[in-house]
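Here the structure comes first, spelled out in C-alpha cells, and everything after it is commentary.
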C-alpha cells in the first residue's frame, strides 16, 4: 500500500504560523482553514507544529511530510455530504523533548507572524516549577515564554517582531489568560522590564471561540477508507461540515489573517461574549435540555431525537420560543445559528449518544440551561414551560430507570448520593414529590443559589414531574 506522501505532490509555503498541538481538532480546524486560505486568498503560509507532550505523533506527521486527509461529513446546504481532501498547510513538526534547539531556532524566522494552540483546557496553566533553562519546560506557557524571550533577544526587542496569538483552548478569555501567565513567568524568571514591554506592546493576544465537532480517527472503518483512497494515512481525521471561529481583537487582524475573505465562517469581532453565550445557550443548552426528555421518551441518539415528530418539535420549539428570545444578537444571526445547530443534530455520519451527553448533567444544566430560564422569567415575568419541563425530566432521569432498565448515571458522587436518597425515600404522594423537588432546587452546592426562590418554579417542576411519573414521558411530552 502506498503512503499519502507518495500519492500527493506537496506544495511548500513560508513558515508563518507556530502551532502548539497536533491533535485531531486543531488539524481539522486551524490547519484546514490555513489550507483553504492558501488556495483562495493567497495567504502563502505554512504551519510549524510543536508537540506539547512527549509522544510519537510528531514523528508520524514528519514521516507523512506534514500531509493528512480530512473527511468533512454532515449537512451542507440542506444535503448530507461527505467530502475529503489532503491538507497541505503543515511544513513540519518539532518535538521539543528531542529537538529543543530547533524549536528555539524557529523564533529566529522574521516571517513567522502567528501563534496558535489547542493544548486542552488544562494547557493554559501557570507552572511555577518551570525555569527558563529547562529543555523543555513542562507547561505550554513555559515553552512559549522561553520561545518569546529568544525571539525578543534575536530581534533586539524590535516592535515589528511580535505575534498575533490565536489560542483555541475552550476556556473563557483564552488569549488574555495566556498573556497573563506569560507575564507572570517573565517576572518569575526575571526577564526584565524590556521583555515585559515587548510582550505588551509588540504582541496581540486575541480571545477566540471555536466550534466544530471532530469525531477523529475512524478506527471502525479505516480499512474500507484506505482501500478507497489507495494510500495509507495514519493521521486521517473526520470532522463535521460546520465550522465557526470567532476572533476578538483589533480589526486590522483580519487583514493579516484573511479567513473571512476565503469564504470561511470566521468572524472578527470587538466582543465575542454574545457569540459564546449563543453557543452555550443554543447548542449546548439544547443538548442538555433534550437529553432527559428524549432518553426517557425512548430515544438513544441526538439524530433519532430531532427527527422524531414529537420530540423533534419539542426541541425546535424550545430553541426558537424559549432560548432565542433571551439572547442579544440579531434575530437573523440567532435563527441562522439555530438552523445550523439543528442540521448538525441531524448529521447522518455521527452517532451522538444521549447518554454520552448526560455526563454531569446537573452542572451542565446550571451553566447551559438555567441562565435561559432565569433570563426568560426576568424578561417576560413567566417561566419557559419547555425548559422547566426538561428540569422536571432531569429529576426523573436521576431516578435511574427507563422502562424497567437501570440508567447508568454518571455524575459527581454527591449528586448521585442526593438523588439515590431522595428517590429511595419518596413515598408516592404529592407532598412527598414537592419535598423531593424542593430539596433538589435547594441544592446550593450545584446551583450556586436556592432555586426555590424563583417564583412558581418549584410548583411548576412538581406539576410536570407528577405527570411524567403518572403517565410516562411519551404521554407527558405530548402536552406541548
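Any read-out appearing in this document is the output of simple, stated calculations on the displayed coordinates, not a laboratory observation. This is a predicted model, so every value here is computed, not measured. With ideal geometry, Cβ positions are generated from the backbone for all residues, glycine too; neighbour counts draw on all protein chains shown.
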Return 206, 458, 7 ranked ascending by Cβ neighbour count within 10 Å, so the fewest neighbours appear first.
7, 458, 206
Only bridges whose two residues both fall in segment 2-269 count here: according to DSSP, what percent of them are antiparallel, nearest 5?
35
Is the shape of segment 230-340 rounded, prolate or oblate, going by the alpha carbon gyration tensor and its root eigenvalues a ≥ b ≥ c, with a/c under 1.5 for rounded and a/b larger than b/c for prolate?
oblate
For a protection proxy built on the mean count of beta-carbon atoms within 10 angstrom, sort 179-189, 389-399 highest first, please.
389-399, 179-189
As a check on your grasp of the helix formula, calculate [θ] at 222 nm for the chain: sum -39500 (n - 2.57) over DSSP H runs of n ≥ 4, divide by the residue count, round to the nearest 500.
-12500 deg cm²/dmol
Against the longest alpha carbon principal axis of the chain, how many degrees, from 0 to 90 and to the nearest 10, is the axis of helix 193-202 turned?
70
Difference of contour (0.36 nm per residue) and Cα-Cα distance, residue 108 to residue 10
32.8 nm
Please report how far the C-alpha centroid of segment 298-325 lies from that of segment 369-445, rounded to the nearest whole angstrom.
20
A correct fewest-to-most ranking of 358, 82 by other Cβ atoms within 10 Å would be 82, 358
Taking segment 2-269 as the region of interest, what is the percent of Cα-Cα pairs per 10 angstrom bin, listed from the shortest bin to the one with the maximum distance?
7, 30, 37, 20, 6, 1
What fraction of the DSSP beta bridges in the chain is antiparallel, stated in percent and rounded to the nearest 5?
40
Could you check the spin-label model distance between residue 41 and residue 332? Points 7 Å from the Cα along Cα→Cβ, value in nm.
2.1
Going by average Cβ density within 10 Å per residue, which order do the peptides 336-347, 244-255 take, highest to lowest?
336-347, 244-255
When the convex hull of the C-alpha atoms of the chain is computed, what volume per residue in Å³ does it have?
162
Segments 316-324, 95-103 sorted - mean Cβ within 10 Å per residue, highest first:
316-324, 95-103
Given a Förster radius of 25 Å and the C-beta distance between residue 479 and residue 320 as r, what FRET efficiency does 1/(1 + (r/R0)^6) yield to the nearest 0.05?
0.85
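Quick one: Cα convex hull volume of segment 6-51, Å³ per residue?
About 89 Å³ per residue, rounded to a whole number.
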If R0 = 30 Å, then residue 98 and residue 227, at their Cβ-Cβ distance, give a FRET efficiency to the nearest 0.05 of 0.30
Calculate, in nm to one decimal, what residue 429 and residue 351 gain on full extension: separation in residues at 0.36 nm each, minus their alpha carbon distance.
24.1 nm
How many angstrom lie between the Cα centre of segment 73-92 and the Cα centre of segment 4-27?
15
In whole Å, how far is the Cα centre of segment 347-366 from that of segment 207-270?
22
